[in-house]
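The values are calculated or read from the model by the stated rules, or taken from the named source; none is laboratory data. Keep in mind it's a predicted model, so treat the numbers as computed, not measured. Positions of Cβ are generated from backbone atoms using ideal geometry, with glycine treated the same way; all protein chains shown enter the neighbour counts.
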Amino acid sequence: MKIATYNVNGVNGRLPVLLKWLKEAEPDIVCLQELKCPQEKFPIEEINNAGYNAIWKGQKSWNGVAILAKGHEITEVQNTLPGDSDDEQSRYIEAIINKIVICCLYLPNGNPYPGPKFDYKLSWIKRFKRRTNQLIKMELPAILIGDFNIIPTEKDVHKPEKWEDDALYRKEVRNAFKDLEKKGWIDSLRKIYPNETIYTFWDYLYRAYDRNAGIRLDHILLSPYLADSLITAGVDKHVRGWEKSSDHAPTWINIKTDL
């Protein structure tokens, strides 16, 4: 089974790119972030015509998340991250597909640091860790997948010295990522490619993509109960080079499904 994540950076404006990639890559499950559209504007007809079912939580501005599945039913579990009833941002959606819990997330950016946006990021991470601990305790096959807005290590960033005070690379958030790994969550891309330079995001400015001056923000973490199912993983870097593409590239894994 091929499972992917893609921060599409505006699902309607980049719909031709998304559909082209779906046809080319043929993923079974796709998690999307940064839909940038209200609930009623999600392009469900076009997604269905491409062969995918979908659940989503849209939101105007920078947020919105969705889960797509081809040939599988989607059972929605959560459409918001538990723990704060006042949080109205659309950044989390959770579903069961083929007996696997799929947790699609768009973790807050947190910039500028320091400030209230970074404080919100830390509070969101705290709630997220509580949910991930619950999933571990329930011994469920689960996947944390999406745009984490966390650069885990210096291997995951071009010129790390320039990012020391950026919310994506602050010690607090990198430690939070390490805490997930200590709890048993497996960074699938790093399990397959432990030492390689692999990025998933390239800024539109300064010819970042041409120079491969990127960062790795998009992650797929497997619960311990899926550890032995991982076959391979990768990043469709070439999609970032398509005309009118997102500044992120799709990231994917292949897993065995005989759970």
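Does at least one position in the range 70-80 carry a residue that is surrounded by fewer than 18 Cβ atoms within 10 Å (Cβ to Cβ) and at positive phi? Scanning the range 70-80, I find at least one residue that is surrounded by fewer than 18 Cβ atoms within 10 Å (Cβ to Cβ) and at positive phi, so the answer is yes.
Across the range 228-259, the number of residues qualifying as within 19 Å of the chain's Cα centre (by Cα), in a loop (DSSP other than H, G, I, E, B) and among the charged types (D, E, K, R) comes to 2.
The number of residues in the range 31-52 being closer than 21 Å to Glu243 by Cα, under 17 Å from the mean Cα position of the chain (by Cα) and hydrophobic (A, V, I, L, M, F, W, C) comes to 2. If we keep just the residues of the range 139-163 that are part of a loop (DSSP other than H, G, I, E, B) and touching a strand residue (DSSP E or B) at 6+ places or on another chain (Cβ under 6 Å), which is farthest from Ile3 (Cα to Cα)? So, considering only residues that are part of a loop (DSSP other than H, G, I, E, B) and touching a strand residue (DSSP E or B) at 6+ places or on another chain (Cβ under 6 Å), the one farthest from Ile3 (Cα to Cα) is Ile151. Quick check: anything in the range 241-249 over 19 Å from Thr5 (Cβ atoms) and of a type in the set (Gly, Ala, Ser)? No, because not a single residue in the range 241-249 is over 19 Å from Thr5 (Cβ atoms) and of a type in the set (Gly, Ala, Ser). Taking (1) without any contact (Cβ under 8 Å) to a residue 40 or more places away in the chain; (2) surrounded by fewer than 17 Cβ atoms within 10 Å (Cβ to Cβ) in turn, Lys99 satisfies each apart from (1). Return the residue satisfying two criteria in turn: it lies in the range 179-227 and is in a loop (DSSP other than H, G, I, E, B) and polar (S, T, N, Q), and of such residues it is surrounded by the fewest Cβ atoms within 10 Å (Cβ to Cβ). In this case the residue turns out to be Asn195. Among the conditions (1) farther than 24 Å from Tyr6 by Cβ; (2) surrounded by 23 or more Cβ atoms within 10 Å (Cβ to Cβ), Gly115 misses just one, which is (2). Only a single item in (1) crowded, with 20+ Cβ neighbours inside 10 Å; (2) out of contact with any helix residue (DSSP H, G or I) (no Cβ under 9 Å at 6 or more places or on another chain); (3) over 16 Å from Val101 (Cα atoms); (4) of a type outside the set (A, V, I, L, M, F, W, C) is not met by Thr5, and it is number (3). Suppose the filter is of a type in the set (Asp, Glu), part of a helix (DSSP H, G or I) and either modelled with pLDDT of 95 or more or under 20 Å from Thr5 (Cβ atoms) (or both); does Asp166 pass it? Here the answer is no, as Asp166 does not meet what is asked. Across the range 172-193, the number of residues qualifying as free of Cβ contacts under 8 Å to residues at least 40 places away in the same chain, basic (Lys, Arg) and more than 13 Å from Ile125 (Cβ to Cβ) comes to 2.
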